[in-house]
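For reference, the structure discussed in these notes is given below.
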Amino acid sequence: MILASFGEDLIRAILQGTPPGTVYALIGLGFVLTYKTSGVFNLAFGAQAYISAAMFFKARQDWEWGIVPALILSVFVLAPAIGLILERLIFRNLRTASAVSKLVIAIGLSVALPALFEIVADYKPVAGRSPTGIVPNGSSVFYDPLGVYPFSRDELAQIAVAVLGMLLLGAIFRFTAAGLAMRAVVESPRMTELAGIPADRISALAWAISSMFAGMAGVLIAPRLPTLISTDFFTLVIVAMAAAALGRLVSLPRALIGGLGLGWFIAIFRTFLPRWSDDYTWLEPFEDNLAPSLPFVVLFGVLVFWPAIRRSIDATDPLSGVDPPPPALASSTRHPLLTMQTRAFGVAFFLLVGWLAFFRADGRWVFLLTQAVILSIIYLSITVITGFAGQISLCQGAFAAIGGFTVFQMADRYDMSVLLAALIGAFIAALVGALLSLPVLRLGGVWLAIATLAFAFFFDAVMVQASWVGGGGTALLSGTEVPRPVLGPIDFGASDRTFLALAIVVFIIVAIGVIQLREGTIGRTLRALRGSEVAAESIGISPARARIIAFAVSAFIAGLGGALLSMQQKNVNYSTNFSPVAALFWLVLVVSLSARTVEGAGQAGFAFALFGPLILEGSLLEWLPFLNEDNLPSFFPISAKWRFVLFGLTAIQFARHPEGMLEFGKRRATHKRNERYYARDAARAAAAELAQ
Amino acid sequence: MTNPILELRDVSAEYGPFRALFGVSLTIEPGASLALLGANGAGKTTVARVASGLVSASSGSVFVDGVDMTTKRTYEFAQAGLAHAPEGRSVFATFTVEENLVLSFRRALGRRGVPAAVEEAYALFPRLGERRRQIAGTLSGGEQRMLSLARVLVEKPRLLIADELSLGLAPIVVDEVYETLSSIRGTGTALLIVEQHVHHALELCDEVALLDHGTISWRGPSAEATEAVVNHLFDSGDR
């Protein structure tokens, strides 16, 4: 009897898990397809899916088109068009770029594309307007073959497309010359061309097909979401990554089975998980949040414990030696005179801004400037891990949140000094960072980025809910309040200007530490590892040790910055400040400006805090003598979404200029002036020789 | 009068800030064979890359069959009948041995030509036939070299460019490769051979060009490429 009910529960769980499993499978398939045909670890897959889904939604509901024309427009016209544009403008030029640079670009796109679409198509997600599927009455007509779980028409359509898609795509790869050529282009475009195959045309075809599949997946998945929001698609892609990882990114059938298996596993787990929390109440927040976080746990587990993934290092292009190596930092080649000029200009600039901030600016500008300085501190953590160690970490938001929450908890519970609490928070973040780096470091490259992202989502789903981290129920009522510090006679809460001064001092200390790290043994070790891990190991450098330190230092800095940010806003404000998706934008910003220098982090901090008010809201123009608030051109204020579009698209430059746009500009300018100065030196030396 | 199959006119080439070739000119007539010799870093590989369109010339021009191909893409060189076996393990590492061969033969010989060509490749290198389903990246260095060569040897292109032809191959296999090369030369394929085994190359090719610091320092019939010339060449590399 018990056995019979167990069997029924199991079957129900499996059937229940099938529809979400199909969604994971669809995305997993699309992900594998894009990776196989373009070599891009396409985190923008969710963005592409979202755009087609939103287009379909708009055509159906706002324009009241029929299903077929709406489907043709969104999936068979718009989606491949976007794919072709991306290929032509971006990915064609970086076929030989490293997997990590392509990942950064895809992250930039996943930030930029949804915002761009929403601006261009004038689309806004409105709660309560639910998307509909591609079959009439898809969500209201059910079929219940086994009498255990009823499938809606939408769900059946998803299952059919997933299975047919896998068979069709599998056939393309197996039996057609184009399929073989697509794989060849991914591995080495140059060798493919040596075989007489036009790599450009093949990769355009690949992008058109995979984008179409992304669009199809988006339209099919949309009815599962109550409201069509781009971040939901992004999260779904991360979840489905576990499916794609099981297929090692190359096997379509495994991605399908992996996706379904993930859906089944989660449903079975939910059905049969015993309620330990009835006996141990402290377990409650974990158990409540375990189910929604399971996909991230599974993803993390698959990445860390699936040995095949570590072995699936990208096949390197045998002809990659045709490209020249990356250039040195601009500042390392500067003429001494130029260095002096740059420094003098920097000092003058900061004195001017400081004077304005402390004596002329009103409360709003002081607040924004303080935010800029604190964000610059957090961004220094990205400088360390990405700029120096060359690893993409997508959980800097979680580290910063650890700092913020520690300050909140320590002050709330023990009434501890917040400055001390901030240091403790930074140490806890460093510890978490070091522990996290142990399992993920072996992964390296793209998989490390995804594992850290899985950690960020896990932190988001489980840890933040726990009362001893995010405050739990009490935080919902009273918020996560954080006081400003008091140091002896100075009360940093009394005046925002003194707090700005504190932030600047901390920034300077951290910046000096970061520069010391770069110039010291650790920095040199990390640079050697970036150059060639094999070569570095052969001269006795341990990659693990250097990278664990880099991770811990980076987490420490992020934690410290997060604590300061919480103090400044007098609240942790987790979801606006530190959520995984918000932290993605940080990375995009830092990397697109300059990830290898301290100035780069500073510029990124200022760009984040001040680009909106200064440029998009037109404040910079208001300060011009002949303009004021009332006679600004009518297109101000510009939509804040442009910030995502502009910086997201700047990240595209990462592959061509991995040092960042600002660093690239600096190098060009430096090069020109250097030539002039050195020419003058040479002329002088020659003249002196003549005179003798 | 027929056009030369390949003509480089005053070609320079660079990798970023590093200039590798300084005004190289050479011609190869249809069916002719040229051995390119030179010390390490003399620019041999770059000449081969420019000849197959992998690296584009920063100045000067490249003609294939009398047509200016200077700005053309690599695949257009291949479609014009130039086949280049790059140095080292130049195979698609995630493909099986057979997929590696099929990819190239499919374009060059059409769907019908593929099975016969694959069999011919296996006849040439039986070792590959034993491993036709194996992933190419797991082959030994010598086997990968065979695979890379099998592709260009079987296609019988109008001009075959082979870089560091014998590097990594067992001596007995090198002998076989050279036999095959001399037999396909008989069918009208022109050869551009970059080689460290000077004696093999001199035996096979009618002509020799010596490359020194990115320029051609001597060119003439193999018979005249005396020991002295060759010695001069390798000495100059140590300067």
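B:Arg111 - would you say it is assigned to a helix (DSSP H, G or I), more than 30 Å from A:Asn93 (Cα to Cα) and at the interface with another protein chain (Cβ under 9 Å from one of its Cβ atoms)? Yes, satisfied. Only one entry of B:Leu101, B:Leu160, B:Leu165, B:Leu128 meets the criterion of being surrounded by 17 or more Cβ atoms within 10 Å (Cβ to Cβ), more than 9 Å from chain A (Cβ to nearest Cβ) and assigned to a loop (DSSP other than H, G, I, E, B), and that entry is B:Leu165. Looking across region B:88-98, the residues that are within 22 Å of the chain's Cα centre (by Cα) and more than 10 Å from every other protein chain (Cβ to nearest Cβ) come down to B:Val97, B:Glu98.
So for region A:413-429 (the condition being within 18 Å of A:Leu593 (Cβ to Cβ) and either touching a Pro at 6+ places or on another chain (Cβ under 7 Å) or in a helix (DSSP H, G or I) (or both)), does at least one residue qualify?
No, every residue in region A:413-429 fails to be within 18 Å of A:Leu593 (Cβ to Cβ) and either touching a Pro at 6+ places or on another chain (Cβ under 7 Å) or in a helix (DSSP H, G or I) (or both).
Just one of the numbered conditions (1) away from chain B (no Cβ under 14 Å); (2) part of a helix (DSSP H, G or I); (3) not polar (S, T, N, Q) is not true of A:Met191: (1).
Within 24 Å of the chain's Cα centre (by Cα) and over 19 Å from A:Ala430 (Cβ atoms): is that true of A:Arg524 in this structure?
When the stated conditions are applied, A:Arg524 does not pass them.
One residue stands out in region A:96-110 among those that are farther than 15 Å from A:Leu394 by Cα and of a type in the set (A, V, I, L, M, F, W, C): the one that is surrounded by the most Cβ atoms within 10 Å (Cβ to Cβ), namely A:Leu109.
Between B:Gly23, B:Gly31, which is touching a strand residue (DSSP E or B) at 6+ places or on another chain (Cβ under 9 Å), at positive phi and in a loop (DSSP other than H, G, I, E, B)?
B:Gly31
Kindly indicate the residue of region A:147-181 that is within 11 Å of chain B (Cβ to nearest Cβ) and part of a helix (DSSP H, G or I) and also nearest to A:Val23 (Cα to Cα) among those meeting that condition. The residue in question is A:Phe173. Only helices (runs of 4 or more DSSP H) whose full extent lies in region A:472-563 are considered here, and the ones with at least 3 residues that are surrounded by 15 or more Cβ atoms within 10 Å (Cβ to Cβ) are A:496-519, A:521-531.
Annotation: of all residues in region A:39-94 being among the small types (Gly, Ala, Ser) and surrounded by fewer than 24 Cβ atoms within 10 Å (Cβ to Cβ), the one that is farthest from A:Leu109 (Cα to Cα) is A:Gly66. Criterion first (within 21 Å of B:Val47 (Cβ to Cβ), outside any loop (DSSP other than H, G, I, E, B) and among the hydroxyl-bearing types (Ser, Thr, Tyr)) does B:Ser148 satisfy it? The answer is yes for B:Ser148.
Summed over region B:30-69, residues that are more than 16 Å from B:Leu165 (Cα to Cα) and surrounded by fewer than 17 Cβ atoms within 10 Å (Cβ to Cβ) total 9. Within region A:200-245, if we keep just the residues that are touching a Lys or Arg at 6+ places or on another chain (Cβ under 9 Å) and more than 17 Å from A:Leu33 (Cα to Cα), the residue that is surrounded by the most Cβ atoms within 10 Å (Cβ to Cβ) turns out to be A:Leu228.
Among the residues making up region B:46-64, a single one is facing another protein chain (nearest Cβ under 9 Å) and of a type in the set (Ser, Thr, Tyr): B:Ser52.
Just checking, does region B:184-200 include any residue being modelled with pLDDT of 85 or more, under 24 Å from A:Gly196 (Cα atoms), among the polar types (S, T, N, Q) and in contact with a strand residue (DSSP E or B) (Cβ under 8 Å, 6 or more places away or on another chain)? The answer is yes, given that some residue of region B:184-200 is modelled with pLDDT of 85 or more, under 24 Å from A:Gly196 (Cα atoms), among the polar types (S, T, N, Q) and in contact with a strand residue (DSSP E or B) (Cβ under 8 Å, 6 or more places away or on another chain). Of all residues in region B:78-87, count the ones that are more than 8 Å from chain A (Cβ to nearest Cβ) and on the phi < 0 side of the Ramachandran plot. Qualifying residue count for the region: 4. When B:Val67 is tested against (1) of a type in the set (A, V, I, L, M, F, W, C); (2) within 30 Å of B:Gly186 (Cβ to Cβ); (3) within 14 Å of another protein chain (Cβ to nearest Cβ), just one condition goes unmet, and that condition is (3). Counting the residues of region B:186-201 that are part of a helix (DSSP H, G or I) and surrounded by fewer than 19 Cβ atoms within 10 Å (Cβ to Cβ) gives 3. Comparison of A:Leu146, A:Leu113 shows that the only residue that is buried (at least 19 other Cβ atoms within 10 Å of the Cβ), more than 14 Å from A:Pro223 (Cα to Cα) and either aliphatic (A, V, I, L, M) or touching a residue at least 24 places away in the same chain (Cβ under 8 Å) (or both) is A:Leu113.
Any residue at all in region B:132-142 that is away from chain A (no Cβ under 14 Å), in contact (Cβ under 8 Å) with a residue 40 or more places away in the chain, among the polar types (S, T, N, Q) and in contact with a helix residue (DSSP H, G or I) (Cβ under 9 Å, 6 or more places away or on another chain)? No, there is no match, as no residue in region B:132-142 is away from chain A (no Cβ under 14 Å), in contact (Cβ under 8 Å) with a residue 40 or more places away in the chain, among the polar types (S, T, N, Q) and in contact with a helix residue (DSSP H, G or I) (Cβ under 9 Å, 6 or more places away or on another chain).
The values are calculated or read from the model by the stated rules, or taken from the named source; none is laboratory data. Note that the coordinates shown come from a computational prediction; the quantities given were computed from them, not determined experimentally. Cβ: placed from backbone, ideal geometry, glycine included. Neighbour counts: every protein chain shown.
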